[in-house]
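Participant: Got a structure for you, written out below as structure tokens; questions coming shortly.
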Amino acid sequence: MKIYFNGKLVEQKDARVSVFDHGLLYGDGAFEGIRAYDGVVFRLEQHIDRLFETCHSLMIDIGMSKQQMIGAVIDTLKANGLRDAYIRLVVTRGDGDLGLDPRKCKNGPNIFIIADKITLYPEAFYRDGLAIVTVPTVRNHPEAINPQLKSLNYLNNILAKIEANNAGVSEAILLDGSGYVAECTGDNIFMVKKGALTTPAQGRLRGITRDAVMELAEKECGLRVSEALITRHELYNAEEIFLTGTAAELIPVVKIDGRVIGEGVPGPVTGQLLKLFHAQTRKDGVKF
Ligand code: PXG
């Protein structure tokens, strides 16, 4: 496997960061999870925009243009002969010393891109839907680590995942500090009720899949789409619930905290949106 590493394509064994890398020592950095479908990198420009926004807030100077970053992603895919892939793009603060002061990372960021075959979720998730739970860990406060940042610090999400694992389910719902539904550990959440599609307005990452699904729902399905403050009560009484993410695409949820959602099986709107999303992935992105 060839890895893009600081401007070069190198063998996997040569793609190594220092133990002084601040991404490793402090989770100081940013990343993107991106997907290519049959020679199209889905919404690559939007992923690169989000990466640059995260780095701008973190005051990490990427030292490359967006166009150069797009080129690096495409070069990595081509070097590995992949047309369908999961792509992990990582920017760390770079090598510093044992203090957390980012000014010590004088040589600039470490940037690497891994393109691999995607590991799909089990087919049963889509066929039967998920049972999930709300967990005690609250999503990061926006004035602590804003959930809009796709930073290398994922401990908030990992703690929630541990709580889901302990509860014997595969995904967790995190609430924000005010008790409103935020998102899942690596996915956004949606509810369908009375011809309306609603998703949390705050406390969550602005997912690329989320944006695409909102557009499709409005344009292709005639649903009323809005962002709102959502409580668990509203989730429990929705007709359909689904999760969105780059790896997940759309996954139906049929039970939350022991409450059956709708008919207790994946719903028709979720199914229709998943079909539309599949078609979209092959035409909405950067071709290579
Ligand atoms: N919320 C969070 C917290 C995420 O990390 C999403 C929503 C969905 O965003 P996109 O842009 O993908 O539609 C994400 C992204 C994993 C994993 O292993 C998941 C993500 C990133 C990295 C790893 O489950 N999801």
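The values are calculated or read from the model by the stated rules, or taken from the named source; none is laboratory data. Just so we're clear, the structure is a prediction, and the values are computed from it rather than from any experiment. So basically every Cβ, Gly included, is an ideal-geometry build from the backbone, and we count neighbours across all protein chains shown. Surface areas here come from the heavy atoms of the whole protein model, side chains and all, with no ligands, DNA or RNA. Shrake-Rupley method; radii C 1.70, N 1.55, O 1.52, S 1.80 Å.
Participant: Name the residue farthest towards the positive end of the dipole of segment 2-116 from the options His22, Ile74, Phe52, assuming +1 on Cβ of Lys and Arg, -1 on Cβ of Asp and Glu, about the Cα centre.
Facilitator: Value computed over the given set: Ile74.
Participant: Another one. If Lys and Arg each add +1 and Asp and Glu each add -1, what is the summed charge of the other residues whose beta carbon sits under 9 Å from the beta carbon of Leu130?
Facilitator: Working: positive: Lys255; negative: Asp128, Glu171.
Summing Lys/Arg as +1 and Asp/Glu as -1 gives -1.
Participant: A further question follows. Can you give me the accessible area per residue for segment 123-283, using a 1.4 Å probe, in Å²? Spell out each step's value before the answer.
Facilitator: On the way: 7200 Å² over 161 residues.
Counting only protein heavy atoms, the per-residue value for segment 123-283 is 45 Å².
Participant: Shifting gears a bit: Kindly provide the helix-only [θ] at 222 nm of the chain, computed as the sum of -39,500 (n - 2.57) over DSSP H runs of four or more divided by all residues, to the nearest 500 deg cm²/dmol? Each step should come with its number before you reach the end.
Facilitator: Details: 8 runs with 83 residues, N = 288.
That calculation yields -8500 deg cm²/dmol at 222 nm.
Participant: Placing unit charges on C-beta atoms (Lys and Arg positive, Asp and Glu negative, everything else neutral), compute the dipole magnitude of segment 50-120 about its Cα centre in debye, rounded to 20. Mind dumping the intermediate values first?
Facilitator: Details: 10 positive and 8 negative charges, 23 e Å.
With Lys and Arg at +1 and Asp and Glu at -1, about 100 debye.
Participant: Okay, next question. If packing is taken as the average count of other Cβ atoms within 10 Å, what order do 123-130, 250-257, 99-106 fall into, highest mean first?
Facilitator: Numbers: 123-130: 15.6, 250-257: 21.5, 99-106: 12.6.
Listed from highest to lowest mean packing, they are 250-257, 123-130, 99-106.
Participant: Given charges of +1 on the Cβ of Lys and Arg and -1 on the Cβ of Asp and Glu, with all other atoms neutral, how large is the dipole of segment 148-288 about its Cα centre, in debye to the nearest 20?
Facilitator: Values: 16 positive and 17 negative charges, 54 e Å.
Approximately 260 debye in magnitude.
Participant: How far is it, in nm, from the label point at Ala247 to the one at Leu229 when both lie 7 Å from their Cα along the line to the Cβ?
Facilitator: 3.3
Participant: Where does the charge balance sit around Gly271 when Lys and Arg score +1, Asp and Glu -1, over other residues with C-beta under 14 Å from its C-beta?
Facilitator: On the way: positive: Arg127, Lys275; negative: Asp128, Glu220, Glu239, Glu240, Glu249, Glu263.
Residues near Gly271 contribute -4 overall.
Participant: Projecting each Cα onto the charge dipole of the chain (Lys/Arg +1, Asp/Glu -1 at the beta carbon, about the Cα centre), which of Pro122, Pro268, Ile132 comes out farthest on the positive side?
Facilitator: Checking the options against the dipole of the chain, the answer is Pro122.
Participant: Moving to a separate point now. Can you give me the relative contact order of segment 2-116 as a percent, contacts being Cα pairs under 8 Å and 6 or more apart? Could the numbers behind the result be given before it?
Facilitator: Working: 203 pairs, mean separation 42.4, N = 115.
Normalised by residue count, the contact order of segment 2-116 is 37 percent.
Participant: For the chain, with the dipole built from +1 on Lys and Arg beta-carbon atoms and -1 on Asp and Glu ones, taken about the Cα centre, which of Phe242, Leu229, Leu152 lies farthest toward the positive end?
Facilitator: With unit charges placed on the Cβ atoms, the residue in question is Leu152.
Participant: What's the local net charge at Gln148, with K and R +1, D and E -1, over the other residues with C-beta under 15 Å away? Don't skip to the answer; put the middle values down first.
Facilitator: On the way: positive: Arg50, Arg139, Lys150, Arg204, Arg206, Arg210; negative: Glu32, Asp49, Glu53, Glu143, Asp176, Glu183, Asp211, Glu227.
Local charge sum for Gln148: -2.
Participant: Take peptides 197-207, 15-25 and line them up by average Cβ neighbours within 10 Å, highest first, as a rough protection proxy.
Facilitator: Values: 197-207: 20.1, 15-25: 17.4.
Averaged packing, sorted descending, gives the order 197-207, 15-25.
Participant: Would you mind working out the magnitude of the charge dipole of the chain relative to its Cα centre, with +1 at each Lys and Arg C-beta and -1 at each Asp and Glu C-beta, to the nearest 20 Debye?
Facilitator: Numbers: 34 positive and 36 negative charges, 95 e Å.
That gives a dipole near 460 debye.
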